[in-house]
Amino acid sequence: MAAIQQGLPLMAMTSDRQADRVVPPSGASAWLTSFTAGAMTFLAVFALALSLASGRLATRWAEALDHTATIRISAPADQLPLQTKAVLEVLKTTPGIAAARAETPEEQRKLLEPWFGPDLPLDDLPLPQLIEVTEGLDGYDAEGLKQRLSAEAPGAVLDDHTRWRRPMAEAAQRLRLLGYLSIALIGAAMAAMITLAANAALSANAQVIKVLRLVGARDSYIARAFVRRFTLRAVTGSLIGAILGTIGVALLPAQDVAGGFLTGLGFTGFGWLLPLALPVLAAFVAFAATRTAAFRTLRRLT
């Protein structure tokens, strides 16, 4: 029970307000604590947005490539129509294939426009024929299909998009991990700065602390005053940083404006309320850091 009473930041903030008189109401420690909490929370909002967006992006990419495959046919111009027809016939009789169609030259031109521009002379280039394959719910035997294609159309190559999905999923997972790691480092930096500010305030009031001890004040009373004041400062600064960070995320370019580069970077639905949890975390960080620094410094001043 004693550990619970000493370990809750909310109880520290609602404790004896008269104890605040032992803490200087202004000075470097005041603005340093609020500024550090605000700046770190501002950065944490973007790290949180990056973590959530990477997960959504990986899901969107996986859904776009899932249940689809592509067959590329590379053959001389006189054999290309025959092999294309043979591949389509094989796909019609393959269990697990829901649909298949050969892409038109116009569709292939659109696929190449982002890299080569709209004036690409397709007639002068030996482009392969692409066949878009849609997988059924039960799936199909990829190895068996490859063997049938090699027998019916030697120039056909099956690409089931596995080599595309796996790297994207791994990259998204690393981005998500990087975001969470950034939040942890931001919290550690916040704790370090608040500890320095609390130590500075305690050292600056060493004579006041000695007088308080002479009149009977306990170290728990003095520490509680510093914990309450610095926790309130951290929460105030963190709340401002969370609001500004959320506004910054909301002002990022939309998907159509960003051209896909910042696709999904932001919050969705109730996710916009998640930044409000950061000031609560800042309160716990400030409480733990200040309480540890206060008792350490008080022991040193004994």
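The values are calculated or read from the model by the stated rules, or taken from the named source; none is laboratory data. Quantities reported herein were computed from a predicted structural model and do not represent experimental measurements. Cβ sites come from the backbone with ideal geometry, for glycine too, and all protein chains shown count toward neighbours.
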Discussion item. Based on this model, can you work out whether A225 counts as surrounded by 16 or more Cβ atoms within 10 Å (Cβ to Cβ) and in contact (Cβ under 8 Å) with a residue 60 or more places away in the chain?
Written reply: yes
Worksheet, complete the sentence: Across (1) modelled with pLDDT under 85; (2) surrounded by 13 or more Cβ atoms within 10 Å (Cβ to Cβ), E152 clears everything bar (1)
Discussion item. Going through T68, T94 one at a time, which residue ends up being of a type outside the set (A, V, I, L, M), closer than 21 Å to L145 by Cβ and in contact with a helix residue (DSSP H, G or I) (Cβ under 7 Å, 6 or more places away or on another chain)?
Written reply: T94
Discussion item. Can you say whether D138 is surrounded by fewer than 17 Cβ atoms within 10 Å (Cβ to Cβ), touching a residue at least 12 places away in the same chain (Cβ under 8 Å) and of a type in the set (D, E), as far as the supplied structure shows?
Written reply: yes
Item to complete: Could you please let me know if E113 is assigned to a helix (DSSP H, G or I), among the acidic types (D, E), modelled with pLDDT under 85 and over 30 Å from S51 (Cβ atoms)?
Response: yes
Practice prompt. Confirm whether A156 is under 16 Å from L43 (Cα atoms) and over 16 Å from the mean Cα position of the chain (by Cα).
Written response: no
Worksheet item: Restricting attention to segment 59-90, and to residues there that are polar (S, T, N, Q) and more than 13 Å from A102 (Cβ to Cβ), which single residue is modelled with the lowest pLDDT?
Response: T59
Worksheet, complete the sentence: Checked against (1) surrounded by fewer than 16 Cβ atoms within 10 Å (Cβ to Cβ); (2) at pLDDT below 85, A277 satisfies every condition except (2)
Worksheet item: Do we have A217 as outside any helix (DSSP H, G or I), assigned by TED's automatic domain parsing to the domain that holds A289 and either farther than 30 Å from T70 by Cα or small (G, A, S) (or both) here?
Response: yes
